[in-house]
Structure formats: C-alpha cells, structure tokens
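Quick note: the coordinates plus some simple rules give every number you see, no bench work behind them. Worth saying up front: this structure is predicted, and the values here are computed from it rather than measured. As a convention, Cβ positions derive from the backbone with ideal geometry for all residues, glycine included, and neighbour counts pool all protein chains shown.
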Amino acid sequence: MRFTSTRAKTNIESAQAIAMGLSKDGGLFVPESFPKISDSLVDKLIDLDYKGRAFEVLRLYLTDFTDEEIKYCVNGAYENKFDNNIPAPLTQLSDSAFMLELWHGPTCAFKDMALQLLPYLLTKSASKVADGKTMVILVATSGDTGKAALDGFADVENTKIIVFYPEDGVSPMQKLQMTTQMGNNVSVCAIKGNFDDAQTGVKTIFSDEKMKQLLAENNMEFSSANSINFGRLVPQIVYYVSAYCDLVKSGKINKGDSFNVVVPTGNFGNILAAYYAKQMGLPVAKLICASNKNNILTDFINTGVYDRNRDFYTTASPSMDILISSNLERLLFELYNKDETVISGLMADLSSKGKYAISDEVKAKLQAEFAAGCCDDDETKAQIKKLFDSCGYLCDTHTAVAVKVYEDYVAKTGDKTPTVIASTASPYKFAASVLSAVDNENMPESEFDMVDKLSKVTNTDIPTPLAGLKSKEVIHKNVCDKQDMSQFIKQSLNI
Ligand SMILES: *Cc1c(COP(=O)(O)O)cnc(C)c1O
C-alpha cells in the first residue's frame with residue numbers, strides 16, 4: 001500500500017504519511033487505492049472482538065508494519081481502556097435505527113477511538129522513518145480532540161504535545177479536561193479566536209520553513225494528531241466495519257444487506273471514514289451528513305458550492321462549529337478520480353476567495369452517495385428531550401443533531417434501510433445543554449452541580465473520568481493571540 005498527496009503526486013509508505021501528518025504541498029495523504037474487505041474476511045471478522053477486527057483492517061493499510069507491530073499498537077490502544085472492554089457498542093433505538101456509541105473511552109468522546117491508537121502508530125512510524133527525532137504533535141481543537149490527544153500522548157517517550165483551543169469555543173467540561181492534564185511533555189494554550197483560527201494557525205506553522213529548520217536543529221519534527229493525519233482516519237474505518245459485523249452477528253441484518261450511516265460532522269473525518277469503509281466494500285447505502293447551525297456542509301452537499309463567506313456560530317454542539325472541514329479534500333480527491341491538479345485548484349480558490357464550486361458531474365456523484373441536513377440549538381435540545389422521553393435514551397448535543405437530521409431524512413425520503421447513527425460524545429460532556437433540554441427548572445450554577453443533577457434526573461451514571469475532574473488542579477492557564485501561536489510553541493519547546 002502506497003500513499004499519495006491530494007495536491008501533488010507522491011509515493012510513500014504509511015509510516016511516512018503518519019509521521020509527517022500533512023504533505024509538504026499542503027495536501028493530505030490518501031491511500032493510492034482501497035483494499036477490499038473480501039467475503040471470507042467478513043466471515044472471519046464477525047467472530048473476532050474489536051481488537052481482532054482492528055488488527056485485520058489496519059494491516060490492509062499499514063503494509064510496512066509487521067503483524068507483531070500492529071498487534072502491539074492495537075493491544076495498547078484498546079485493551080482495558082474502554083468501558084467493559086467494548087470500545088464501540090451498538091444499541092438499538094428503534095426497528096431500524098442503531099446507536100454506535102463511540103464515547104466509552106478515557107475522555108468520553110469518539111476521538112478516543114483514534115487517539116488512543118495514534119500515539120502507538122506515530123511512535124512506531126517515527127522509529128521507522130524519523131530516526132530518533134522527538135515528534136512534536138501540534139493540535140488545534142474544537143474541544144474533544146485536544147483532550148483525547150493529551151490523554152493519548154501524555155508521557156509518551158520521544159513526543160511533545162502542544163494543544164491550542166478557542167478560548168470561548170469549548171464547553172466548561174472540555175476546558176477543564178484540558179487545563180488539568182498532567183504529563184511532562186504537554187502544553188495547552190487558549191487562543192483568542194475560533195476553531196478555524198486555531199486550525200489555520202497550526203496549518204501555517206506546519207508549512208513554515210523557518211520553524212521546521214529550527215525544530216530540525218533541535219532534533220525535533222512536527223507531526224499532527226488532527227484528523228488530517230491518516231493515522232487518525234484508519235482507526236475510524238474500523239468501527240464502521242465492526243458495526244456491520246455486529247449487525248450481522250446479532251441477526252439484525254443479513255450478510256451483504258446494506259445500511260445507512262448518519263454522522264454528526266465537523267471536520268469531515270468521521271463521515272469520511274465511513275465513506276472509505278464503503279470504498280472497501282462495506283455495504284453502506286447512504287451517508288447522511290448532519291450539521292448544526294454552521295451548515296456549510298449541508299449547503300455544499302445540496303448545491304455543490306462550498307462557501308465559507310458566512311457567519312460563524314457558537315452552538316451547543318461546539319465540536320461541530322467549523323467552517324473549513326479539512327477532510328472534505330480527501331472526498332473531493334476520490335470524486336475527481338484522484339486528480340491532484342483539480343484539487344489544488346479548488347483548494348487555492350478556497351484560500352483566496354473562501355469558496356469553490358464542483359462540476360455538475362461531480363455534484364451528481366456526491367449526491368448519489370451523500371444526503372445532508374442541519375438543525376439549530378432549539379431543535380437539538382428538543383430532540384434530546386424527545387429521545388429521552390420516548391425511549392429513555394440520553395444522548396449528547398452532537399448525537400442529537402444526528403438523530404434530528406436522520407428523522408428529517410426519513411420523513412422526507414421514506415427510506416427504511418437499517419441505519420447506524422454515530423453517537424460521538426457522552427451526554428455528561430455537555431451537561432448544561434443536556435440538562436436544560438430534559439429539565440430546565442432550577443438550573444444549578446456550577447458545571448459539577450449540573451452533572452450531579454443530570455445523573456439524578458435521568459437516573460444515569462456519571463462517567464468516571466468526568467466525575468474525577470472536580471478534584472483536579474488547573475495547571476494550564478496560558479492564553480495567546482492567534483498571531484502568537486508560534487511564539488508559544490518556541491517557549492514550550494525551549495527553542
Ligand atoms: C469531533 C467531533 C465531531 C465531529 O467529527 P469530525 O470527524 O470532525 O467530523 C462530532 N461530535 C463530537 C462529539 C466530536 O468530538
């Protein structure tokens with residue numbers, strides 16, 4: 001398996017793609033072709049546990065890793081790190097809808113699925129291609145990635161991790177999770193700006209030759225834990241394959257029957273992984289992209305025009321408050337038959353004019369695969385209440401966006417295909433919004449009182465990692481302007 005860039009012909013192995021994170025030309029690394037999940041492999045996967053399934057899927061892409069190396073990575077990531085040792089359980093909601101719960105890991109959001117594995121993949125990759133250099137992981141986060149990356153990389157040898165988050169763009173729980181993070185190799189800084197500012201800042205620093213030079217002189221090299229890193233994507237393919245195996249194994253569908261996937265989407269990483277799984281032969285029918293009030297992807301899928309010249313909203317589902325969905329570039333690359341020249345042009349338009357339009361032919365291809373919808377905060381909260389009242393299922397704000405968009409989709413199309421909805425965070429991560437949705441009388445003042453009340457009112461358990469935050473000391477208090485991000489990095493690295 002070789003990897004190329006979405007913007008210039010490249011030919012590298014997975015270790016190099018993972019160690020580098022982002023290509024020099026600004027493009028993203030993508031597999032040259034998709035390995036197929038054969039019929040006999042499905043038979044084998046059905047009888048394996050999550051780790052076994054992860055191993056089998058990963059080895060199709062990481063052909064420059066030995067089986068022993070992949071097993072070591074997978075065991076480190078998924079053994080005893082997730083509730084009941086089941087990383088991605090499937091819960092039935094109705095006759096045809098299933099929740100794929102991806103938040104049973106140490107930080108209570110789906111980012112753990114990939115970020116528990118990435119430090120293993122990255123340090124193995126670095127030992128193959130970056131001979132002994134310290135990998136400096138730069139992260140821009142809308143909340144969940146930051147904590148999941150900090151948890152995954154804390155005290156991992158030969159790595160340093162630096163996380164930037166928008167000062168006012170994350171939930172109090174997300175902020176506390178990050179600012180209390182321990183570890184001798186971690187730095188955390190709030191920036192005065194939104195997520196896109198943080199992401200753009202990180203991308204700029206990545207391609208800054210002077211910074212690269214300075215790092216090299218200190219035997220360091222940048223890498224990324226954002227979903228632009230292929231090492232983040234490949235673990236996400238696994239849980240869609242695993243969900244299919246669980247559906248077949250439990251007799252909910254027959255082998256070969258297709259199913260829809262609904263994903264609450266921000267940077268387009270999670271839904272892209274489902275698309276990749278489909279390219280590998282998984283019988284996915286529609287991919288349904290759910291957005292909050294920042295509905296740039298809904299507009300794009302419905303019109304073929306991507307236009308970021310619009311207002312940015314801070315919503316109750318902050319991990320989806322994004323106007324530049326980086327991973328969309330990878331989808332465009334496939335839809336344009338892997339034509340890097342076209343993609344470079346579109347991305348140049350995006351950076352100079354803030355918009356681009358795809359051809360009618362590509363739009364038709366896009367709409368054949370994807371449906372899209374969006375909802376605002378009031379609809380999100382109404383959905384949380386409706387789901388809780390009707391079936392006792394408590395979901396977080398992001399997942400509620402997905403459920404609402406799914407219900408709208410079914411109402412509009414009558415599509416009864418069995419459907420897997422990606423449930424991306426514990427409701428306790430967004431306690432204020434979730435509590436106000438189910439019971440908004442006498443709202444407590446503090447986040448922890450809200451958490452306690454939510455547990456009482458809904459008779460559900462507070463996840464242990466969140467309950468433990470209350471007694472932790474805030475260690476990271478840095479705030480900087482977005483122009484000063486590189487200064488903060490130099491300080492953190494002592495260079
Ligand atoms: C990151 C995140 C999303 C968005 O996922 P993308 O891969 O960026 O599209 C949705 N929900 C939650 C809870 C998240 O943390």
>> Run the paramagnetic zone check for LYS192: 7 angstrom along Cα to Cβ, then residues of the stretch 473-490 with backbone nitrogen under 16 Å.
In response: 478-488
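Which order do the peptides 85-94, 186-195 come out in when sorted by mean C-beta neighbours inside 10 angstrom, highest first?
Highest mean packing first, the order is 186-195, 85-94.
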> When ranked by the protection proxy of mean other Cβ atoms within 10 Å per residue, highest first, what sequence do the peptides 260-272, 234-246, 148-160 form?
Replying inline: 260-272, 234-246, 148-160
>> Just to be sure I understand: of the beta bridges DSSP finds with both ends in the chain, what percent are antiparallel, rounded to 5?
In response: 25
> What order, most packed first, do the peptides 22-29, 116-123 have when packing is the mean number of other Cβ atoms within 10 Å of each residue?
Replying inline: 116-123, 22-29
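Pop out the Kirkwood hydrodynamic radius of the stretch 377-437 from its pairwise C-alpha distances, inverse of mean 1/r, in Å to one decimal.
Kirkwood radius, the stretch 377-437: 11.8 Å.
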> Percent relative contact order of the chain, based on C-alpha pairs within less than 8 angstrom and at least six residues apart?
Replying inline: 19
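For THR63 and ARG2 in one chain, what is 0.36 nm times their gap in residues minus the Cα-Cα distance, to one decimal in nm?
Length gained between THR63 and ARG2: 21.1 nm.
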> SER258 versus GLU445, label points 7 Å from Cα toward the beta carbon: distance in nm?
Replying inline: 5.6
> How high is the FRET efficiency between SER390 and GLU473 when r is their beta carbon distance and R₀ equals 45 Å, given to the nearest 0.05?
Replying inline: 0.60
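Report the gain in length on full extension from TYR72 to ASN84: 0.36 nm times residue separation, minus Cα-Cα distance, nm rounded to one decimal.
Gain on extension, TYR72 to ASN84, equals 2.3 nm.
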>> For a Förster distance of 30 Å, can you work out the FRET efficiency between the beta-carbons of MET182 and ASP481, rounded to the nearest 0.05?
In response: 0.65
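Which whole-number percent gives the relative contact order of the stretch 244-375, counting Cα pairs below 8 Å spaced six or more residues apart? Walk me through the intermediate numbers first.
Working: 189 pairs, mean separation 40.0, N = 132.
Relative contact order here is 30 percent.
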> By its C-alpha gyration tensor, with a ≥ b ≥ c as the square roots of the eigenvalues, how is the stretch 106-216 shaped: rounded for a/c under 1.5, else prolate for a/b larger than b/c, else oblate?
Replying inline: oblate
>> Multiplying the sequence separation of ASP311 and SER96 by 0.36 nm and subtracting their Cα-Cα distance, what value in nm do you get?
In response: 73.8 nm
> Counting only residues 5 or more places away or on other chains, whose amide H sits under 5 Å from the amide H of VAL188 once H atoms are built in the peptide plane?
Replying inline: VAL163
> Quick one: if you stick a label point 7 Å off each Cα along the C-beta vector at ASN11 and THR413, how many nm between them?
Replying inline: 4.0
> Under a point-charge model restricted to the Cβ atoms of Lys and Arg (+1) and Asp and Glu (-1), what is the dipole moment magnitude of the chain relative to its Cα centre, in debye to the nearest 20?
Replying inline: 600
> Which value, in Å³ per residue, describes the convex hull spanned by the Cα atoms of the stretch 59-165?
Replying inline: 125
> Considering only MET20, ILE271, LEU90, whose Cα is most displaced toward the positive end of the charge dipole of the chain, charges sitting on Cβ of Lys, Arg (+1) and Asp, Glu (-1)?
Replying inline: MET20
> Given H placed on each backbone N at 1.01 Å, which residues far from VAL262 in sequence or on other chains put an amide H within less than 5 Å of it?
Replying inline: ILE288, VAL420, ILE421, ALA422
>> So if I place +1 on the C-beta of Lys and Arg and -1 on the C-beta of Asp and Glu, and nothing else carries charge, what would the dipole magnitude of the stretch 160-210 be about its Cα centre? I want it in debye, nearest 20.
In response: 180
> Rg (Å, one decimal) plus Dmax (Å, integer) for the alpha carbons of the stretch 147-192?
Replying inline: 10.5, 32
> So what is the relative contact order of the stretch 372-495, in percent, for Cα pairs below 8 Å that sit 6 or more residues apart?
Replying inline: 20
> Is the shape of the stretch 373-495 best called rounded, prolate or oblate, per the rule: a/c under 1.5 gives rounded, else a/b larger than b/c gives prolate, else oblate, with a ≥ b ≥ c the square roots of the Cα gyration tensor eigenvalues?
Replying inline: oblate
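Past 29 Å, Cα to Cα: identify those pairs from LYS81/LYS482; LYS81/LYS416; LYS128/LYS490; LYS212/LYS472, in the order given.
Pairs exceeding 29 Å: LYS81/LYS482; LYS81/LYS416; LYS212/LYS472.
Can you work out D for the chain in µm² s⁻¹ from Stokes-Einstein, where Rh is the Kirkwood radius over C-alpha pairs, the temperature is 25 °C and the viscosity is 0.890 mPa s?
Rounded, D is 109 µm²/s.
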